[in-house]
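Chemist: Can you read through this structure? Questions will come right after.
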Amino acid sequence: MRGLARVAQEVARRLPQLELLEGGPPLLHPAETAWLTAVLARRRPSVFYSPGFNAPPTCPVPFVLTVFDLIHLEIPEESGPAKRLYYRLHVKPAVRRARAVLTGSEYSRARIAEWSGVDADRVVVIRGAAGDEFTPDGCRLWDAKTGEKLDKDRFRRDLGSVIEHYREVARRIGAPL
């Protein structure tokens, strides 16, 4: 498990008082936002937490959502007209309406604030939300001559250029991208 699913699992584990919403349409299904709106209007929780970027457009309660990064807008291989339209029509308005936005790094925090126009204080860095079984001592990559980090530490320590450094690693080991 990785990414937003991992974040959701860790938030649920650490906040056992959360009430999980189950039984609705699959994630990002066209009917999902209508279902969420109806359930939230009926249950009226004090706050709704979306582990993804799928808050309903007319959320009847305060909400917090997770936007880990803007990869679908910033990396051509991950982007496309449909994704850009979804971010413009759904994600950006949701970020603007959210009580808070959770993200994975200071870099993403700054980019989300700049892109959406929200105050950076409303974007909170959660640093990956890895569980206790994960340690920073797994497989690591760095330049043997310079000591420059080439792996996930670029993301975890807000060093920037994550994609470029992974491309450099791929180039060095002869892996096609």
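Chemist: Quick check: at a probe of 1.4 Å, how many percent of the accessible area of segment 15-133 sits on carbon and sulfur atoms?
Modeler: 58
Chemist: For segment 1-86, which trypsin sites (Lys or Arg not before Pro) are both in a DSSP coil and crowded by at most 10 other Cβ atoms within 10 Å?
Modeler: Answer in residue order: Arg2.
Chemist: Mind listing the phi-derived Karplus ³J(HN,Hα) values for segment 18-25, rounded to whole Hz, using 6.51, -1.76 and 1.60 with θ = phi - 60°, and x for any glycine or proline?
Modeler: 4, 9, 7, 8, 10, x, x, x
Chemist: What FRET efficiency do you get for Ser161 and Ala41 if R0 is 45 Å and r is their Cβ-Cβ distance, rounded to the nearest 0.05?
Modeler: FRET efficiency, Ser161 to Ala41: 0.55.
Chemist: Then there's this: Please list Leu65, Leu102, Leu28 from largest to smallest accessible area, probe radius 1.4 Å, with all protein chains kept in place.
Modeler: Leu28, Leu102, Leu65
Chemist: Enumerate the amide H contacts of Ser50 below 5 Å, restricted to partners 5 or more residues apart or on another chain; note that Pro and chain-start residues carry no placed amide H.
Modeler: Val64, Leu65, Thr66
Chemist: Within segment 6-106, list the GluC sites (Glu not before Pro) lying in a DSSP loop whose Cβ has at most 14 other Cβ atoms in a 10 Å radius.
Modeler: Passing sites in segment 6-106 are Glu19, Glu22.
The values are calculated or read from the model by the stated rules, or taken from the named source; none is laboratory data. This is a predicted model, so every value here is computed, not measured. Reconstructed Cβ throughout: ideal geometry from the backbone, glycine too, with neighbour counts over all protein chains shown. The accessibility values were calculated without ligands, DNA or RNA, using every heavy atom of the protein model including side chains. Shrake-Rupley method; radii C 1.70, N 1.55, O 1.52, S 1.80 Å.
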